[in-house]
Every structure is written in C-alpha cells, then in structure tokens.
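Student: A single structure is presented below for examination.
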Amino acid sequence: MTRAFVVVSWDVGGWKHSQWFRTTNLGLERDIHATESALTLYIDHLYRAIGKRNATVSVYLGFDTVNHLIFLGKLREYGVTGTFLKWFESYLSNRYQQVSIDGTFLALRPISIGVPQGSILGPLLFLTYINDLPNCIRSCHVHMDADDTVLYVDSSTSNGIKSKLDSDLHSPGQSIV
C-alpha cells in the first residue's frame, strides 16, 4: 500500500519543525474545491446507503474531542520528548471552564478534553491528533477536510452499525477515543 503525506512546516520562535500529514485530509490540498470534494464524497455515500435502504450513523470529530492524555501519547510516538513535550503538557494542563445559566455561575470544572479554540495552535493540535485515524479504521468510512472530520458507517441493521463502530473505535491500537 502506498502512503502519501504532505509536509506542513511552521516556525515557533525561530525553531523550524516539519510534521507529516496524510493527503487523505482534503483540506490540506492546494485545490480550492477541497471542502466541496469532501462534502460530495460524504453525500454520495449517504445517497448510496439510502439506495440500499441502509441506515447511516455519522460521528463528527472536532477540537472538543481531543483527549489530552491520548494526544500527549501520540506526540511521544512521533518522537516529541523533553522540554518540547513538557511545553505541550503545560499548554494543555490547568485549564478550566465555567457555565453561566441566567446569570448564575456553576462551579469551575477542569478540562481534560479539547484544545483551545481560536488559538493558533488549535488546528495543528487537532490535525496531529486525528492524523492516524485512517490507519485505524477498517469497517467505517472517514473523510477529513482540514479540521472537519466525519467518521460514518452504514448497515441494514442497528446491530450491524454497532458492530462496525465497535470494531473500529474499540480495537487494539485505536487511540482516537
């Protein structure tokens, strides 16, 4: 099997680094129609499933799905160690959120999942987190468009859908959830 990757480079305080990203992520292509291509593939699959009278379940992955412990483990797998790894640990730790309902504030709660949205690093952290997703998926389909990722499966029975999702999301070596 041939694997294709795109090299994405960024400069952090004068330190240049390159990371490999899969070209199955259509949002990383230079084509101005990448988003439309991903959407077309997804809708085409839905229409085919409907034509077979199958039900489809879609799981959308976004910035708020990044598990910090899994993400840090993936960085280690990519060879990130030492001070750089500790910097990421520090960046993701000691974050809290608070909900306000009609002017009443609930207690602060620690955040262990999700990357800061609106940050410069957020998209890069998410892409690093989901980069190996196509390697882990055997029964489901996945479309990646930059920071929009959808995992979906169809079957004629609910047990068929459950079985496919379970086999992909809970298989040995799967570390996205």
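Student: Quick one: if you stick a label point 7 Å off each Cα along the C-beta vector at SER156 and SER119, how many nm between them?
Tutor: Label at SER156, label at SER119, 4.8 nm between them.
Student: Got the relative contact order for the range 32-177 handy, in percent, Cα pairs under 8 Å and 6 or more residues apart? It would help to have the intermediate numbers written out before the result.
Tutor: Working: 170 pairs, mean separation 47.9, N = 146.
Relative CO of the range 32-177 lands at 33 percent.
Student: Further, regarding this structure: Please give the length that would be gained between LEU169 and TYR96 if that part of the chain were fully extended, namely 0.36 nm times their separation in residues minus their C-alpha to C-alpha distance (nm, one decimal).
Tutor: Working: separation 73, 0.36 × 73 = 26.28 nm, distance 2.76 nm.
Contour length minus Cα-Cα distance gives 23.5 nm.
Student: Can you work out the Karplus-derived ³J(HN,Hα) for every residue in the range 119-125? Use 6.51 cos²θ - 1.76 cosθ + 1.60 with θ = phi - 60°, whole Hz, and x for glycine or proline.
Tutor: Those phi angles translate into 8, 5, 7, x, x, 5, 5 Hz.
Student: Now for a different question. Given a 1.4 Å probe, how much area per residue of the range 76-177 is accessible, in Å²? Provide the component values of the computation, followed by the final result.
Tutor: Working: 5990 Å² over 102 residues.
I get 59 Å² per residue for the range 76-177.
Student: SER155's amide H: which non-local residues (gap 5+, or another chain) put their own amide H closer than 5 Å, with H modeled 1.01 Å from N in plane and none for Pro or chain starts?
Tutor: ALA55
The values are calculated or read from the model by the stated rules, or taken from the named source; none is laboratory data. Note that the coordinates shown come from a computational prediction; the quantities given were computed from them, not determined experimentally. Virtual Cβ from ideal backbone geometry, glycine too; neighbours counted across all protein chains shown. Only protein heavy atoms, including side chains, enter the accessible area calculation; ligands, DNA and RNA are left aside. Shrake-Rupley method; radii C 1.70, N 1.55, O 1.52, S 1.80 Å.
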